[in-house]
Amino acid sequence: MIGWGIVTARGDRGVDVKPASHKGRSATAAALVAAALTCALVGCSAPAEEETPARPVRPIAAITAGPALSSEEQALVDKAWAAYLTLTDIYVKAGQRGEYDWNEDQTKRPLYRYAAGRFGSALERDLDQMKEQGLVRTGAPKVTLRRVVSVSPTSLVVEACVDDSGTDTIVKETRKSVAAPGQNKRYPVTLRAGLYADGVWRWVESAPDRASSC
């Protein structure tokens with residue numbers, strides 16, 4: 001659901017992301033951008049950041065099979081998953097409008113509360129590059145929580161099912177699709193979130209398995 005772009009950042013921590021100029025791009029470049037648009041939100045993994053919480057240490061069974069989660073664990077999952085759905089909604093709507101609030105104060109940008117590290121920067125780069133290419137999204141993906149892989153008080157990993165069949169990436173002016181053909185539109189994706197010092201769950205990794213279906 002999202003692709004990769006170009007950012008201005010300090011080091012590799014993905015801060016101070018700002019729109020860049022992408023003048024004179026070819027149609028081929030636009031197609032490459034569109035092909036990557038399924039990447040960042042549910043399609044690509046981001047290396048763990050030094051500032052992100054440690055990876056979960058205790059695997060647990062799927063929500064639909066095996067021992068049930070404790071009430072505390074379920075509350076953590078519910079809170080983090082709600083943040084992911086909000087993250088998805090913000091990104092998709094920004095892609096549909098072709099607009100994003102590039103506030104100079106990064107903490108006031110729409111995605112700040114829901115995504116972090118290189119993953120958060122990748123989402124913003126995608127929106128920047130879509131705008132520069134004159135691309136917008138149509139439709140919205142359907143994302144459902146499939147199972148909890150692991151959980152701790154400060155970190156969790158879940159597997160979701162993504163259905164992208166009702167979406168497209170088009171040139172805003174011509175309404176012509178530039179999406180890469182032949183991609184699996186329904187596939188599982190593994191997502192990782194961490195609880196930050198400000199008490200907010202932020203999503204930091206996304207890794208799909210397009211060779212599988214769900």
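The values are calculated or read from the model by the stated rules, or taken from the named source; none is laboratory data. Just so it is clear, the structure is predicted and the values come from calculations on it, not from any experiment. For neighbour counting, all protein chains shown are included, and Cβ atoms are generated from backbone atoms with ideal geometry for every residue, glycine included. Just so you know, the surface numbers come from the protein's heavy atoms only, side chains and all, with ligands and any DNA or RNA stripped out. Shrake-Rupley method; radii C 1.70, N 1.55, O 1.52, S 1.80 Å.
So with the 1.4 Å probe, I'd like the accessible area per residue for the range 133-214, rounded to whole Å².
Solvent-accessible surface per residue comes out at 43 Å².
Compute the FRET efficiency between Lys93 and Ala197 as 1/(1 + (r/R0)^6), taking r as their Cβ-Cβ distance and R0 = 25 Å, and round to the nearest 0.05.
With a Förster radius of 25 Å, E is 0.30.
What do you get when you divide the Cα radius of gyration of the range 90-166 by 2.2 N^0.38 Å, with N the number of residues?
Computed over Cα atoms of the range 90-166, the ratio equals 1.27.
Once the piece of chain linking Arg186 and Trp102 is laid out straight, how much longer is it, given 0.36 nm per residue of separation minus the C-alpha distance between them?
27.1 nm
Quick check on my link table: of Lys93/Lys185; Lys79/Lys176; Lys108/Lys176; Lys142/Lys172, which ones sit more than 28 Å apart, alpha carbon to alpha carbon?
Flagged as over cut-off: Lys79/Lys176; Lys108/Lys176.
Given points 7 Å out from each Cα along the Cα-Cβ axis, report the Ser70 to Asp209 separation in nanometres with one decimal.
2.8 nm
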